[in-house]
Amino acid sequence: MKLFKKLNDSQWLLNSAIFCVLVILVILPFFINNHKKVAILEKKLDSINIILYQREAIFKKRQKNYDEKAMKKKADIDSMKTEIIKQIK
C-alpha cells in the first residue's frame with residue numbers, strides 16, 4: 001500500500017512537472033510576441049515624444065515673438081494715448 005502511494009505521489013509530481021513545462025511552452029511565445037510589440041510601441045512613442053518636443057519648442061518661440069509684438073503695440077498705443085491727452089490739454 002505504501003509503495004503504491006509513493007508511486008502515485010511520484011507520478012503526480014511528474015505529471016505536475018510536465019504540466020508546468022507545457023504551460024510555460026504555451027505561454028512563452030505569447031510573452032515574446034507581446035514583448036516585441038511593446039518594444040515597437042515604445043520606439044513609436046519615443047519618436048512621437050521627439051516630434052512633440054520639437055513642436056513645443058517652435059510654439060514657445062512663436063508665442064514669445066507674438067508676446068513681444070503685442071507688448072510693443074501696447075506701448076505704441078499707450079504713447080499715442082499720452083500724446084492725444086497732451087494735445088487735448
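What follows is calculated from the coordinates using simple rules that are stated; it is not laboratory data. What you are looking at is a predicted structure, and each value in this text was computed from that prediction instead of being measured. Glycine gets a Cβ as well: all are built from the backbone with ideal geometry, and neighbour counts include every protein chain shown.
A few remarks follow.
- Local net charge near residue 84, Cβ-Cβ under 13 Å (Lys/Arg +1, Asp/Glu -1): 0
- Length gained on full extension, residue 73 to residue 54, computed as 0.36 nm times the residue gap minus the Cα-Cα distance: 4.0 nm.
- Förster radius 41 Å - calculated FRET efficiency between residue 41 and residue 14, Cβ distance, rounded to 0.05: 0.50
- Dimensionless Rg over Rh [the chain; C-alpha; Kirkwood]: 1.79
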